[in-house]
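These notes concern the structure reproduced below.
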Amino acid sequence: QGAQLEEARRVAADAVRALGLRTGIGFPQILAGPDGRVALVECAARIGGMMAEHLLHAFGIDLLEVALRLALAEPVTEEHLRPRFERPVAIRFLTAEPGTLTVGRVTRIGPLDEVLAAPGVLAAEIYSEVGETIRPVQIISDRRGYVIATGDTRDEAVERADAASLLAQIDVEPA
């Protein structure tokens, strides 16, 4: 895991440099395989996906503040970029196939209280609306929400995010 993490860091840094990005935020997307290989999928000069939320919950780094400072030509210091803590974080997106949501029309969305009270949950959101259709996940906008959780280990964080995502109350009339 250590060698693969180092390789992922190297690939990410090389991708950002290849963009010519000297000041700004890079968003390299990397796949780490079970065989130890690392592959670059995409790299862009932007905050992408749940990048800001991940850094905030995993390291205490406020990436949105950094982006705003860059946009306003205000200084970004080492203090803005220094991790305040480090903990395992997992994000589970609420999706239909292959996720846990049912394909069909949304008839009710319940409160998130139970999800947010689940062990290790740091944040959760549902962005589905009553009346919309949930489709099998194919593109990023097929995500209907997320759960972010932590644990003592990466595996525990994943387990907690998975378990809490099952508590999301999205009632669907099957298609």
Check your understanding: Listed highest first by mean packing, meaning other Cβ atoms within 10 Å per residue, what order do 34-45, 109-120, 84-95 come in?
Key -> 84-95, 109-120, 34-45
Review point. Over the chain, what is the relative contact order in whole percent, taking alpha-carbon pairs under 8 Å and six or more residues apart?
Key: 19
Check your understanding: How large is the helix-only mean residue ellipticity at 222 nm for the chain, computed as the sum of -39500 (n - 2.57) over DSSP H runs with n ≥ 4, divided by its residue count, in deg cm²/dmol to the nearest 500?
Key -> -9500 deg cm²/dmol
Check your understanding: At each listed q (0.09, 0.11, 0.14 Å⁻¹), what is the log10 of I(q)/I(0) that the Debye formula gives for the chain modelled as equal alpha-carbon point scatterers?
Key -> -0.39, -0.58, -0.90
Revision key, fill the gap. Between residue 46 and residue 155, Cβ-based FRET efficiency (R0 35 Å, step 0.05) works out to 0.70
Exercise for review: Please give the residues of segment 13-28, grouped as numeric ranges, whose backbone N is less than 17 Å from a label point set 7 Å along the Cα-to-Cβ vector of residue 7.
Suggested key: 13-15
Exercise for review: Assuming 0.692 mPa s and 37 °C, estimate D for segment 1-91 with Stokes-Einstein, Rh taken as the Kirkwood radius over Cα pairs, in µm²/s.
Suggested key: 231
Practice item. Sticking with the crude label model, points 7 Å out along Cα→Cβ, report the distance from residue 64 to residue 77 in nm, one decimal please. Key: 2.3
Point to revise | Accessible solvent surface per residue of the chain, calculated while the other protein chains remain in place, 1.4 angstrom probe, Å² | key: 61
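The values are calculated or read from the model by the stated rules, or taken from the named source; none is laboratory data. Note that the structure is predicted; figures quoted are calculated from it, not measured. Counting neighbours? That spans all protein chains shown, and the Cβs are built from the backbone with ideal geometry, glycine included. Protein only, heavy atoms only, side chains kept; ligands, DNA and RNA dropped before computing areas. Shrake-Rupley method; radii C 1.70, N 1.55, O 1.52, S 1.80 Å.
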